[in-house]
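Below is one structure, written out as structure tokens; the observations come after it.
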Amino acid sequence: MQSLRTLPRAGRILAHLISALLIMALPLAACPTCSVGQALETLALILAFLAIPYIIVTGVWFWMKRLLASEELDG
């Protein structure tokens, strides 16, 4: 079996995603009814905390790119 370091980047991301989903599925085996609601809520919070900085940084990056392009045209 290959080590994670020898896999391409997409393979590593997929391996980490699958392992994270398996770890999150462990509580589901204990109490499916309770865990689904809590897991979805927790997953939504985690995704929000991960996505919001990327959205902000991407927005600032595009804004700075446009600002610098307009500065080059003016100057």
Within segment 47-60, is there a residue that is farther than 27 Å from Leu17 by Cα and either at pLDDT 85 or above or surrounded by 10 or more Cβ atoms within 10 Å (Cβ to Cβ) (or both)?
yes
Which members of segment 1-31 meet the condition of being exposed (fewer than 10 other Cβ atoms within 10 Å of the Cβ), at pLDDT below 75 and assigned to a helix (DSSP H, G or I)?
Arg5, Thr6, Leu26, Ala29, Ala30
Scan segment 60-74 and give yes if some residue there is of a type in the set (Val, Ile, Thr) and either touching a Cys at 6+ places or on another chain (Cβ under 8 Å) or within 30 Å of Leu26 (Cα to Cα) (or both), otherwise no.
no
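The values are calculated or read from the model by the stated rules, or taken from the named source; none is laboratory data. Quick caveat, the model's predicted, so the values are computed rather than measured. Here the Cβ is made from the backbone with ideal geometry for all residues, glycine too, and neighbour counts use every protein chain on show.
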